[in-house]
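Peer 1: Please find one structure pasted underneath; my questions will follow.
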Amino acid sequence: MKHELYTRVALRMDLPRNQLRRGDVATVVEHHPGRPGQEPGYSLEVFNAVGETVAVITVGESQIELLTSNEILHVRALAETVP
């Protein structure tokens, strides 16, 4: 498992269906090993700025990345549309 449970990760791509954008931060809550020939996946919980759950999503391993020390968190309105 590349990403440990309860690790914070960033999305590598926009997910318009969930009103989520590249760079949004989520917490890994479950690992899905994937079938033969299929990439592993993760269930993620996404929180708003005050800690309330706004989405639980499932993504492929290639759609997320670990946070790094040279990044800074940013706040945006959830209702913002994805171009």
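Since every read-out is calculated from the coordinates, none of them should be taken as a lab result. Being a predicted model, the structure only gives us computed values, none of them experimental. We place every Cβ from the backbone using ideal geometry, glycine too, and count neighbours over all the protein chains shown.
Peer 1: Can you spot a residue in region 32-55 that is of a type in the set (Ser, Thr, Tyr) and surrounded by fewer than 15 Cβ atoms within 10 Å (Cβ to Cβ)?
Peer 2: Within region 32-55, one or more residues are of a type in the set (Ser, Thr, Tyr) and surrounded by fewer than 15 Cβ atoms within 10 Å (Cβ to Cβ).
Peer 1: Can I ask one more? Output the residues belonging to region 9-31 that are within 17 Å of Leu67 (Cα to Cα) and either of a type in the set (S, T, N, Q) or touching a Pro at 6+ places or on another chain (Cβ under 9 Å) (or both).
Peer 2: Selection gives Asp14, Thr27.
Peer 1: Which count do you get for residues in region 56-66 that are surrounded by 14 or more Cβ atoms within 10 Å (Cβ to Cβ), more than 13 Å from Leu20 (Cβ to Cβ) and not acidic (Asp, Glu)?
Peer 2: The number of residues fulfilling the criteria is 1.
Peer 1: Looking for whichever is loosely packed, with under 12 Cβ neighbours inside 10 Å, touching a residue at least 40 places away in the same chain (Cβ under 8 Å), in contact with a Leu (Cβ under 9 Å, 6 or more places away or on another chain) and not small (Gly, Ala, Ser) here; the options are Leu78, Leu73. Which one fits?
Peer 2: Selected residue: Leu73, the only one of Leu78, Leu73 that is loosely packed, with under 12 Cβ neighbours inside 10 Å, touching a residue at least 40 places away in the same chain (Cβ under 8 Å), in contact with a Leu (Cβ under 9 Å, 6 or more places away or on another chain) and not small (Gly, Ala, Ser).
Peer 1: Answer yes or no: is there a residue in region 1-19 that is over 17 Å from Arg76 (Cβ atoms), touching a residue at least 12 places away in the same chain (Cβ under 8 Å), of a type in the set (Val, Ile, Thr) and in a loop (DSSP other than H, G, I, E, B).
Peer 2: Scanning region 1-19 turns up at least one residue that is over 17 Å from Arg76 (Cβ atoms), touching a residue at least 12 places away in the same chain (Cβ under 8 Å), of a type in the set (Val, Ile, Thr) and in a loop (DSSP other than H, G, I, E, B).
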